[in-house]
Amino acid sequence: MLEVDELVAGYETTQVLHGLSLRVEAGAATALLGANGAGKTTLMKTLAGLLPVRSGRLRFMGEDIGRLPSHQRVLAGLVLVPEGRMVFPSLSVIENLRLGAINPRARPNTPRNLEHVFHLFPRLLERQAQAAATLSGGEQQMLAIGRGLMAQPKLMLLDEPTLGLAPLMTRQIFQLAGRLVADGLTLLLAEQDVQQTLAAATQAYVVENGRIAAQGPAQDIADDPRIRQAYLGL
Ligand SMILES: Nc1ncnc2c1ncn2[C@@H]1O[C@H](COP(=O)(O)OP(=O)(O)O)[C@@H](O)[C@H]1O
Ligand SMILES: [Mg+2]
């Protein structure tokens with residue numbers, strides 16, 4: 001579904017990704033692991049079109065998307081749920097959700113998609129009129145994912161969804177990720193929770209200093225003592 005070849009990207013004066021290549025297969029979760037500062041978020045932002053591709057190639061569902069503006073990537077079905085949730089704090093839950101649906105492919109289906117999100121997250125239904133700022137961290141993450149789902153993604157880029165959440169909420173987020181994949185969504189999942197991520201994913205990539213340091217079936221990565229020790233702190 002997604003092919004990244006020799007991607008170079010970064011910020012104004014800092015190059016962060018130094019020729020990074022990976023594949024995301026449709027219908028499964030692919031794990032993106034690596035220490036803080038490895039470049040996972042920079043990759044996610046570049047895939048979403050929030051940072052420019054300096055060189056290399058991005059193909060999504062067979063189409064070169066490297067120069068498409070971010071809203072056209074959303075229209076194509078590539079949707080980022082950003083690190084830190086980034087919900088609009090003063091807007092209500094339902095206003096946040098509606099903002100996820102502004103692309104013309106999703107907008108006509110807003111009532112149906114809202115029903116789907118509220119079915120997945122009954123907490124959001126209960127709190128639909130409440131300002132997002134007043135939600136707990138876990139609820140804000142649900143809202144961020146719900147807002148992403150409102151855009152009708154084909155591939156969801158899920159950046160550190162469990163960061164700062166309690167273990168129970170973390171388990172719920174992983175359960176939800178599994179359910180979304182079972183329902184046909186493709187996921188690229190950047191995470192610090194290595195064990196649960198490897199259990200949820202089929203393929204895994206380990207990022208180090210803006211390059212892929214290890215890759216393979218998630219089970220093989222989980223079982224490789226050298227990779228576990230060198231990159232995953234296990
Ligand atoms: N806005 C920014 N401007 C300059 N450098 C940044 C910016 N954001 C992140 N970086 C740097 O890019 C590198 C990769 O960061 P990031 O992609 O956030 O890593 P990760 O998500 O794997 O923790 C780090 O060295 C970080 O300091
Ligand atoms: Mg990050």
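Computed values, structure above
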read-out: Formal net charge of residues neighbouring L75 (Cβ-Cβ distance under 14 Å; K, R +1; D, E -1); value: +3
read-out: Charge sum, other residues only, whose C-beta stays under 14 Å from L163's C-beta, Lys/Arg counted +1 and Asp/Glu -1; value: -3
read-out: Fewest-first ranking of S92, S55, using other Cβ atoms within 10 Å as the exposure measure; value: S55, S92
read-out: With Cα atoms, 0 to 90° folded angle of helix 167-182 axis to the chain main axis; value: 90
read-out: Segments 168-179, 140-151, 202-213 sorted - mean Cβ within 10 Å per residue, highest first; value: 140-151, 202-213, 168-179
read-out: The chain: proportion of alpha-carbon pairs further apart than 33 angstrom, %; value: 14
read-out: Neighbourhood charge, 10 Å Cβ-Cβ cut-off, centred on L143 and excluding it, Lys, Arg +1 and Asp, Glu -1; value: +3
read-out: Rounded to 5, the percent of DSSP beta bridges in the chain classed as antiparallel; value: 55
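Each value in this text was obtained by applying a stated rule to the coordinates, not by laboratory testing. None of these values were measured; they are calculated from a predicted model. Methodologically, a virtual Cβ is constructed for each residue, glycine included, from the backbone with ideal geometry; neighbour enumeration extends over all protein chains shown.
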